[in-house]
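Working notes, beginning with the structure itself.
Rule-based calculations on the coordinates, nothing more; no lab input. Keep in mind the model is a prediction, meaning the values are calculated, not measured. Here Cβ is always computed from backbone atoms with ideal geometry, including for glycine, and neighbour counts include all displayed protein chains.
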Amino acid sequence: MAVIIRETREIAGKRSEVKIYRTDGLLTREEKQRAEELDDLIQREMSAIVEDLKEKSLITGEGEKKNLEIWYKIGGGLQFIDQTDLIEDRDRKYIWRAIYDHSGPLHTGDIPVRADRPKNNDFRYAYLLAKNFDWEFVESGGTWTTWGEFFDSPVIRNDQRIIDWLGTVKERRGDQGLQDWIRPLTVEIRRELKNVDTGVFEKARLVERLERIYNSIKG
């Protein structure tokens, strides 16, 4: 399924916004029509996310600095991505850039270069955060910046099993008292697994190494 991306280009000496249909498949008339339907869906869902944040007084105007709770709620709203048949797996990577075109007050100014990087796009991080972890767990981990650093790590974002493993930590944390623990965990994972292709590990071996890293940050 094609995804519509808006870009500003110079046409006849004037800068104009144009629609670009991105797809790894054949762009047929039917594909373009469904891409328009998807574009409308994204607009509706993003508008609903903004209105919800305003109702909760989490945002009051354009350009306001976004904190962890705001990003978490944005991620919750982005779960619509899993509930529509308008997105095919082959073109799913383009959806994160398309969201910027409908983000309203959630993003002002030029669209950042990283928006075109499907694996380290801020809206994708928010989606993953809300999809995989509950709010209490997320809040105990640290700030939006520290969670962003977690997902920014290539070894983490390239192996979903590490994110899945982190979800199991919740049941064992209890009242351990360690706050803002995502940053030291991220640092240690990067150090221990630097230049390592974790994809060659069987799950048991990967989990064993992750458990050892996690235990090391508890002191």
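Can you compute the charge dipole magnitude of the chain about its Cα centre, using +1 on each Lys and Arg Cβ and -1 on each Asp and Glu Cβ, nothing else charged? Give it in debye, rounded to the nearest 20.
In debye, rounded to 20, the chain gives about 700.
Just in the range 1-57: which trypsin sites (Lys or Arg not before Pro) are loop by DSSP and have at most 14 other Cβ atoms within 10 Å?
Qualifying residues, ordered by number: 56.
How big is the dipole moment of the range 134-219 about its Cα centre under a simple scheme where the beta carbon of each Lys and Arg is +1, that of each Asp and Glu is -1, and everything else is neutral? Debye, nearest 20, please.
320 debye
Of 19/194; 14/73; 54/119; 32/203, which pairs sit farther than 30 Å apart, going by alpha carbon to alpha carbon? Don't jump to the answer; show the numbers that get you there.
Working: 19/194 40 Å; 14/73 38 Å; 54/119 28 Å; 32/203 41 Å.
Beyond 30 Å: 19/194; 14/73; 32/203.
Considering the chain as a Gaussian network with a 10 Å cut-off on Cα pairs, which listed residue, 52, 159, 82, attains the greatest mean-square fluctuation?
For the chain, modelled as a Gaussian network with Cα springs under 10 Å, the answer is 82.
What longest region of the chain stays clear of GluC sites (Glu not before Pro) that DSSP places outside H, G, I, E and B and that have at most 12 other Cβ atoms within 10 Å?
Segment 63-201 is the longest.
When the Debye formula is applied to the Cα atoms of the chain, each taken as the same point scatterer, what base-10 log of I(q)/I(0) results at q = 0.07, 0.15, 0.17 Å⁻¹?
-0.26, -1.05, -1.24
Take the chain, connect every pair of alpha-carbon atoms lying under 10 Å apart with a spring to form a Gaussian network, then pick out the residue of 123, 150, 80 with the largest mean-square fluctuation.
Most flexible of the set in this elastic network: 80.
Once you order the gyration tensor axes a ≥ b ≥ c over the Cα atoms, which shape class does the range 1-124 get: rounded for a/c under 1.5, otherwise prolate or oblate by comparing a/b with b/c?
It comes out oblate by the Cα gyration axes.
Using the Cα centre of the chain as origin and beta-carbon charges of +1 (Lys, Arg) and -1 (Asp, Glu), tell me which of 83, 201, 118 is placed farthest towards the positive end of the dipole.
201
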